[in-house]
1. Please go through the stretch 48-62 and pick out each residue that is open to solvent by 50 Å² or more (accessible area, probe 1.4 Å) and more than 19 Å from Arg117 (Cα to Cα).
2. Yes or no: the stretch 64-80 includes at least one residue that is without any contact (Cβ under 8 Å) to a residue 40 or more places away in the chain, small (Gly, Ala, Ser) and more than 19 Å from Cys119 (Cβ to Cβ).
3. Picking from Ser29, Ser3, which residue would you name as being in a helix (DSSP H, G or I) and either touching a Ser or Thr at 6+ places or on another chain (Cβ under 7 Å) or in contact (Cβ under 8 Å) with a residue 24 or more places away in the chain (or both)?
4. Asp96 versus (1) open to solvent by 60 Å² or more (accessible area, probe 1.4 Å); (2) modelled with pLDDT of 75 or more: which is the lone unmet condition?
Amino acid sequence: MISKLINRKGTIAYLITRPRRFGKSLNLSMIKDFFEKPINEKENEDKKFVFDGLEVSKDRKNMRHFHKYPVIYLNFKSNNNKEDDNKWNKIEQMSDGVILQNTIKFLCKCLKEFYKRRCIILIDEYDKIFSEKLKSE
């Protein structure tokens, strides 16, 4: 999976669609752990050897991308917390997603300026927004 992402030149978006309980969240977590630049030396030491011995670590080209990018990880999964669900509903109603979209763009711009690299955005449970919208209509 990681090698495929690295070798896709010019890719802006990569959609992973699989049935429920098929490991999408686990894959996103793995992608995050591979690409995300650690925030401190302790975190770097804790994660440095996670990919040792795996196929992805055997390719030097892949390892040039290891721990090099700022990563934004968003999860739209409902945690059965009505307060959080109400916050998302308010954002949807107020902005039709424009506020969230502009916020993510701004954050990416800031991260690129600071790290001198494009950031990676991972969105888990992206379909929750659509399914909730369909349920309410």
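1. Selection gives Lys48, Phe49, Val50, Asp52, Gly53, Leu54, Glu55, Lys58, Asp59, Arg60.
2. Checked against the condition, which is being without any contact (Cβ under 8 Å) to a residue 40 or more places away in the chain, small (Gly, Ala, Ser) and more than 19 Å from Cys119 (Cβ to Cβ), the stretch 64-80 yields no hits at all.
3. Ser3
4. The single condition Asp96 does not satisfy is (2).
The values are calculated or read from the model by the stated rules, or taken from the named source; none is laboratory data. Small disclaimer: the values here were computed from a predicted structure and weren't measured. FYI the Cβ positions are ideal-geometry reconstructions off the backbone, even for glycines, and counts take in every protein chain you see. For accessibility, only protein heavy atoms count, side chains too; no ligands or nucleic acids. Shrake-Rupley method; radii C 1.70, N 1.55, O 1.52, S 1.80 Å.
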